[in-house]
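Down below is the structure, laid out as structure tokens.
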């Protein structure tokens, strides 16, 4: 509440750099004893990523690692906003990440968001400032190149991989299974594993740092029977309808992506999938940082969660990908509340025009295509073994579903 007992006005601005991710700031302003306004609170949300993930202790205290540090730094910025000084300050915070970093956005992205959020009288405008940054934000900006084939084959051919053809589960349980399996592999309790599954119910899956109300028409989605849940990885929102999506997860020791940059790690992890799609005559490739696309549009997207090596094991990488086998584009457009800035650097104007589902390119049923994709694995990896989730992993997932993914506090933590 403000000094006058009224709820503070929330100010919001959005920034997105070409080839990068969207980031938004939601601010409230206060008034100091000298009657000058200041930034009283700041919340950053968007479809960006953080690497590695914040620790359990951090999250239990409401600390989201590098995102929380940026929010605190913004609250320390004096008003009126000097964009150049803010750029310098946020650049220092991002550079001094204590081993953690925000991926997909730059200081420029956040400064633009701040300029758009604040009233014009609280921003210092200088002539000649650029509307676009002079260079890409970081090494995660979009590269339209194929991964090195020999490197992909080298890393995959050395794997001894467990394959889990999992049963359909409720959306909350699917999120919990991903974390439980990731944790087990990171601690050296399980071998590298690929899990592929169907969903037991329609769902809208939020990225780790997205705003619930800004991304989804919440009441409409629930009235249409969608379960709303937040996953443990960054990235954008997914609409899931059983039998219309193809979803898989890789749980790998962190060494699998040792000494390769972030974009290449996405492409190497999805190599088996793109290779398999192409073997079925489907045009598929990589786009941007983490999307799989045809020449006509986006087919799916991936996200990652990294756990650093430590005394309990080798560390782990969760890489999960969802592809649209078929799409109800009208339903997707109804449920999602996509900021127009999302399409600013793309040759599309809506969700409908951006998506290109796989069934436009194949006569294979969803299940037949999944079978064909998995049939390519024995020719790629050193050893493939069919497996199933261990009882202790299932139990851990049930606990996570109850304590985290099934709780409204988790789903709505960024409202």
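The values are calculated or read from the model by the stated rules, or taken from the named source; none is laboratory data. What you see is a predicted model, and the numbers here were worked out from it, not measured in a lab. We place every Cβ from the backbone using ideal geometry, glycine too, and count neighbours over all the protein chains shown.
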Take the residues of region 326-342 that are part of a loop (DSSP other than H, G, I, E, B) and more than 20 Å from the chain's Cα centre (by Cα): which is nearest to residue 365 (Cα to Cα)?
326
Could you check region 290-304 and list, in sequence order, the residues that are in contact with a helix residue (DSSP H, G or I) (Cβ under 6 Å, 6 or more places away or on another chain) and under 16 Å from residue 49 (Cα atoms)?
290, 302
Could you count how many residues in region 150-168 are without any contact (Cβ under 8 Å) to a residue 60 or more places away in the chain and not in a helix (DSSP H, G or I)?
1
Single condition residue 220 does not satisfy, out of (1) touching a helix residue (DSSP H, G or I) at 6+ places or on another chain (Cβ under 7 Å); (2) modelled with pLDDT of 95 or more; (3) surrounded by 18 or more Cβ atoms within 10 Å (Cβ to Cβ)
(3)
Would you be able to say whether some residue in region 63-82 is in a strand (DSSP E or B) and either modelled with pLDDT under 85 or closer than 14 Å to residue 106 by Cα (or both)?
no
Select, from 206, 194, 220, the only residue that is touching a residue at least 60 places away in the same chain (Cβ under 8 Å) and within 21 Å of residue 45 (Cα to Cα).
206
Scan region 277-305 for residues that are in contact (Cβ under 8 Å) with a residue 12 or more places away in the chain and assigned to a helix (DSSP H, G or I) and jot them down.
277, 279
Going through (1) buried (at least 16 other Cβ atoms within 10 Å of the Cβ); (2) over 27 Å from residue 399 (Cα atoms); (3) at pLDDT 95 or above one by one, residue 143 fails only at (3)
Which of (1) more than 30 Å from residue 192 (Cβ to Cβ); (2) at pLDDT 95 or above; (3) surrounded by 14 or more Cβ atoms within 10 Å (Cβ to Cβ); (4) out of contact with any helix residue (DSSP H, G or I) (no Cβ under 8 Å at 6 or more places or on another chain) does residue 341 not meet, given it meets every other one?
(2)
Just give me the residues in region 366-389 being at pLDDT 95 or above and in a loop (DSSP other than H, G, I, E, B), in sequence order.
375, 376, 380, 381, 388, 389
Restricting region 5-20 to residues that are in contact with a strand residue (DSSP E or B) (Cβ under 7 Å, 6 or more places away or on another chain) and within 12 Å of residue 107 (Cα to Cα), the residue that is modelled with the highest pLDDT
15
